[in-house]
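Worksheet: one structure, shown below.
The values are calculated or read from the model by the stated rules, or taken from the named source; none is laboratory data. All figures in this text were calculated on a predicted structure; none of them were measured in a lab. When we count neighbours, we look across all protein chains shown, and the Cβ atoms used for this are built from the backbone with ideal geometry, even at glycine. In case anyone asks, the SASA skips ligands and DNA or RNA and just uses the protein heavy atoms, side chains included. Shrake-Rupley method; radii C 1.70, N 1.55, O 1.52, S 1.80 Å.
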Amino acid sequence: MNHDHDDLAAQLGRQMRHEVEGLDRAPLSLADVKGRATRIRRRRAALTGAGTAAVLAIVVPMAMLAGQFTNAGDDVGPATDPPSVSPGPTEPPDQGPVVGVGESLDTADLPIGDVPAVTWLENGSVLHTADGENIRLEGTYEDVVRYDDGWLGIGGGLAVLLDADGAETGESWVTARNLATGQGGDVVLFVADGELRLHDNVDGETTVLRDGMPDTAEMIGVDDEDTAAYNLVGPQGEPFAALNRDGEETIPDPGTDAYVLNDVTEAGWVSAITQLMDDGTCSRTVAPNGDVAGETCELMFDRFSPDQRHVIAGPAYADGYGAGQLAVLPVDFTDGDDPVLELLQSGARDATLMSWGWEDDDHILVVTATPVDGSTDMTWQLVRIGLDGTVENAATPVRGDEFAFPFALTS
């Protein structure tokens, strides 16, 4: 390991210790650790202005998720209820907006299409399910996933079980920063009071895979062999991947400078960071047979599409508020290839890309925040982008401050 990486590990260790000691204003996740270790390389356009660095979304305290919102076209003012989602599709224009490769995302005057076909959270307190249910939750949560006939929610470092109607069914417990699911949501990977647990929603059984699980761990996924994948943090603050099957933990050694998981699919596809350097990162996609499929040092491979033909890629560097670059790539992408889709923030007033995920094989959902002229507010949108470049709102835009975060995609 080189000297730069040693310095980086020490820096990351200090950052993680600050988090544990509660010295940061916002929690630091392993996603932040992975991003802050690098410096983005822009491929087609230099981002301009001090406020337009291409960065990944920060993790914000739950108190900020409970902010007040107004409809995007209204004057600023408190809202007693979360904003209402679109009741359904509106009549689109004959030719809807289309974003080209390497362009900024113009979110103004987008038509409103169908509500998302995946489960998502509104204002942290309303759960919209993939089959159309709207459940008002008893509390405010960062993530909610199916658990038997009800739900498992997390927020503020705590987890709690919810019934089918969103009411808490017992006491909360200390957990890790996120949840992960597998096999179409049939299994849930989570931490409960220091135990790594794998719960089966089909038979109701819970298996303890590991004791002494730190709450700094990042859950990644579960494959169809019930192998759990997660990231841990070493004694110097260095993140590293781990796999666990039937309680046997292994640390992969792919012969690279670093190995930090970003996604593991049920079929066994892997996206992982393989180098952490002061001047960038490198990441790769790995096929189920272990062969390297794609490699890049210009972006960071993230989440696979449901059919595993494509992968979302974020910026190779994360430092602060949102991202200024997002791409959809073929799984065998290498630097120099053409992306399927690429968004670049080209001005300080352009939409910032806050979080993203797949809706289906051909569409991604992106939470965006666009500055409102003459104010410090943002117009928050949940935007659907097709791989063909078509763009529309998947929910009614709302206006709120920069830490409102009214929309969240669930695991």
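Numbers for the structure displayed
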| item | result |
| --- | --- |
| Rounded to whole Hz, the Karplus (6.51, -1.76, 1.60) HN-Hα couplings of the stretch 331-342, x for glycine and proline | 5, 9, 5, 10, 3, x, 6, 8, x, 6, 8, 8 |
| Area projected by the alpha carbon convex hull of the stretch 247-373, averaged over all directions, nm² | 9.4 nm² |
| Average Cα contact separation per residue, the stretch 172-322, under 8 Å, 6 or more apart, as relative contact order % | 13 percent |
| Cα shape, the stretch 152-202, gyration tensor, a/c 1.5 rule | oblate |
| Calculated FRET value between residue 338 and residue 206, using beta carbons and R₀ = 30 Å, to 0.05 | 0.10 |
| Simple spin-label estimate for residue 307 and residue 172 in nanometres, 7 Å along Cα-Cβ | 4.1 nm |
| With DNA, RNA and ligands ignored, accessible area of residue 203 (1.4 Å probe; Å², nearest 10) | 90 Å² |
| Tensor-based shape of the stretch 189-256 (alpha-carbon gyration tensor, a/c under 1.5 rounded, otherwise prolate or oblate) | oblate |
| Calculated FRET value between residue 193 and residue 138, using beta carbons and R₀ = 35 Å, to 0.05 | 0.95 |
| Accessible-area order (highest first, 1.4 angstrom probe) of the listed residues 147, 321, 230 | 321, 147, 230 |
| Alpha-carbon Debye profile of the stretch 231-308, log10 I(q)/I(0) at 0.17, 0.21 Å⁻¹ | -0.68, -1.01 |
| Amide H contacts of residue 311 (H built 1.01 Å from N, under 5 Å, at least 5 apart or other chain) | 305, 329, 331 |
| Residue order for 146, 399, 384 - accessible surface, 1.4 angstrom probe, largest first | 146, 399, 384 |
| Accessible carbon and sulfur surface of the stretch 254-370 relative to its total accessible area, %, 1.4 Å | 43 percent |
| Convex hull volume per residue for the stretch 117-275, taking Cα atoms only, in Å³ | 124 Å³ |
| Spin-label pair residue 256/residue 348, simplified geometry with 7 Å Cα→Cβ offset, distance in nm | 3.7 nm |
| Reciprocal of mean inverse Cα separation for the stretch 93-166 (Kirkwood radius, Å) | 14.5 Å |
| Label point 7 Å beyond Cα of residue 224 along Cβ direction - residues of the stretch 289-309 with amide nitrogen under 19 Å | 289-291, 304-309 |
| Under Karplus coefficients 6.51, -1.76 and 1.60, residue-wise ³J(HN,Hα) of the stretch 108-118 in Hz, glycine/proline x | 6, 6, 6, x, 9, x, 5, 5, x, 8, 10 |
| Dimensionless Rg ratio for the stretch 327-405, taking C-alpha atoms and the 2.2 N^0.38 Å reference | 1.21 |
| Solvent-accessible surface ranking, highest first, for 363, 199 at 1.4 angstrom | 363, 199 |
| For the stretch 247-307: relative contact order, % (alpha-carbon pairs under 8 angstrom, 6 or more apart) | 25 percent |
| Potential extension, residue 130-residue 279 segment - 0.36 nm per residue separation minus Cα distance | 49.6 nm |
